[in-house]
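Let me begin by presenting the structure, written as structure tokens, before commenting on it.
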């Protein structure tokens, strides 16, 4: 799971590299001509969403999301295990809820055919990376929960 | 239970969840959702969970975050830190406590392209600790200089935490950066002064080295040129209004990649590591921003900030007294919470108070970032101390 989510996160960083390339191209173009990259803000926003959202599942799989263990590190291993299970359940509840209700909102955007302001990118395109990211992150938490139940020392 | 009391109960629950090692983003999200349902009924569940993550993350202004993170990730892997340290070693290493001062200077300059305290402390520790140890610097002075110097990464612009403060409070990122410049330089200068005093009082802690000849000093200045050039390009572009902060971040990321390539460091492994760091940091930051937006909705509907503003007014404290109390709370919280989370959890309550008292939000932002710095070197959660401990 960690490898798969890492691969997904790395694929997502292509979005960041595209954003860098387009931004530099736009600056270069407008400094030597009257040309610009059309819809730069729309495209860069989409690239940022792709890169950042696809990285969220990796954050859970690799335990990269910020948490404080100052107090729990002194607890007995069994208590720490219970807390990891609770963390996975709460994370799943929040992420699955966000994915579910987000999906409903995305279907509304699809029904209304809403588009971005400058070059008319369908807003659904912005929803897709968000829903993939948080949906997969919810599944990663199911995996973390099952892993913790089966082999508590697997971390 | 009244709405403000629900707000207080929510904040207590949040601190308990964070203390139980629930990821901070999730703790904020869960408290925000449960609190929202208690205050507004089930109808708020679908609205908040369905719309807040999208509204928060689909903003062009947020693009500045991954691009600055990418700039720092490539800069820290391009060998720039070693060059900086060697250059400053040649220029000021012969001063009393010169190597420790060179560490502070290198941290300040590296922080100026890196934007992260942890990355600055980790990178500089790798370079400075072996050299200072070999020359005979006391371990306490070495670690202290690195820990303090590392904190400059979030004060000297471009700083990720300043960007997030500016985005959340709807302030100008450029003005935040400009306002952070002088306090950052001042902090670096004062750290160097403290090292000078310490080295004077305890000369055996900081053995003096010989001054290199003029050729070596000129070579040292030349070595610093690329990193200074990158900093001037990014910050100069923002101040001269040639670029917006997001464009400057894009130019900075591009510049850092080009510098890494020119120095022959842009291997597949370096690129992969830098991209993984960019993804992991950005994913973590965006997840926290999603959690914050849900929590913020709950805090606002609880009317807790308004009640606190009224309560502070009734106390009759002078405005500066209120600021001092807030800063003391930050120092205490900094012992237990990481910098970003502490700022994000408290801002929905503290920011309305500050604006109500008539203080400038930019000024307060720099003040908060400066105080948050203290948390980075305060036990038991001084993250810089852990990073340096691992490297030394």
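Across the range A:112-120, a minimum of one residue is classified as in a helix (DSSP H, G or I) and at pLDDT below 90.
Look at the range B:70-95: where a residue is part of a loop (DSSP other than H, G, I, E, B) and a partner is surrounded by fewer than 21 Cβ atoms within 10 Å (Cβ to Cβ), sitting 6+ places away or on another chain with Cβ atoms under 6 Å, you get B:78/B:263; B:78/B:265; B:79/B:263; B:79/B:265; B:93/B:209; B:94/B:209; B:94/B:211. Kindly evaluate residue A:9 against the criterion of being part of a helix (DSSP H, G or I), within 9 Å of chain B (Cβ to nearest Cβ) and in contact with a helix residue (DSSP H, G or I) (Cβ under 9 Å, 6 or more places away or on another chain). So residue A:9 fits the description; yes.
One residue stands out among those in the range B:129-160 that are surrounded by fewer than 22 Cβ atoms within 10 Å (Cβ to Cβ) and not in a helix (DSSP H, G or I): the one that is modelled with the lowest pLDDT, which is B:136. Any residue in the range B:70-88 that is buried (at least 23 other Cβ atoms within 10 Å of the Cβ) and closer than 26 Å to residue A:83 by Cβ? No, the range B:70-88 contains no residue that is buried (at least 23 other Cβ atoms within 10 Å of the Cβ) and closer than 26 Å to residue A:83 by Cβ. When you look at residue A:145, is it farther than 26 Å from residue A:44 by Cβ and more than 8 Å from chain B (Cβ to nearest Cβ), yes or no? So residue A:145 passes the test.
List every residue pair whose Cβ atoms sit under 6 Å apart, with the two residues 6 or more apart in sequence or on different chains, where the first one lies in the range A:92-121 and is within 11 Å of chain B (Cβ to nearest Cβ) and the second, anywhere, is assigned to a loop (DSSP other than H, G, I, E, B) and crowded, with 17+ Cβ neighbours inside 10 Å. Cβ pairs passing all conditions: A:109/A:123; A:118/A:39. Among the helices (runs of 4 or more DSSP H) confined to the range B:305-387, the ones with at least 1 residues that are at pLDDT below 85 and loosely packed, with under 15 Cβ neighbours inside 10 Å are located at B:319-333. Residues considered: A:68, A:43. Of these, the only one that is closer than 25 Å to residue B:233 by Cα, at pLDDT below 95 and either surrounded by 21 or more Cβ atoms within 10 Å (Cβ to Cβ) or over 17 Å from the mean Cα position of the chain (by Cα) (or both) is A:43.
Of all the listed residues (B:18, B:30, B:26), the sole one being under 27 Å from residue B:307 (Cα atoms), out of contact with any strand residue (DSSP E or B) (no Cβ under 7 Å at 6 or more places or on another chain) and modelled with pLDDT under 90 is B:18.
Set side by side, the residues B:192, B:181, B:235, B:198 differ, and just one is in contact with a helix residue (DSSP H, G or I) (Cβ under 7 Å, 6 or more places away or on another chain), more than 13 Å from chain A (Cβ to nearest Cβ) and closer than 15 Å to residue B:113 by Cβ, which is B:235.
Against the list (1) crowded, with 23+ Cβ neighbours inside 10 Å; (2) at pLDDT 80 or above, the condition residue B:117 fails is (2). Working only within the range B:5-20, note down all residues that are surrounded by 17 or more Cβ atoms within 10 Å (Cβ to Cβ), over 12 Å from residue B:345 (Cα atoms) and more than 12 Å from chain A (Cβ to nearest Cβ). Result: B:6, B:7. What do you reckon, is residue B:48 surrounded by fewer than 16 Cβ atoms within 10 Å (Cβ to Cβ) and within 12 Å of another protein chain (Cβ to nearest Cβ)? No. Among the residues of the range A:32-67, the ones that are facing another protein chain (nearest Cβ under 10 Å) and over 30 Å from residue B:245 (Cβ atoms) come to 1 in all. Taking the condition more than 10 Å from every other protein chain (Cβ to nearest Cβ) and either under 30 Å from residue A:24 (Cα atoms) or part of a loop (DSSP other than H, G, I, E, B) (or both), does residue A:128 pass? Yes, satisfied. For the range A:68-86, the set of residues classified as in a loop (DSSP other than H, G, I, E, B), more than 8 Å from chain B (Cβ to nearest Cβ) and either in contact with a helix residue (DSSP H, G or I) (Cβ under 9 Å, 6 or more places away or on another chain) or closer than 13 Å to residue B:286 by Cβ (or both) consists of A:75 only.
The values are calculated or read from the model by the stated rules, or taken from the named source; none is laboratory data. These numbers come from a predicted model, not from an experiment. We place every Cβ from the backbone using ideal geometry, glycine too, and count neighbours over all the protein chains shown.
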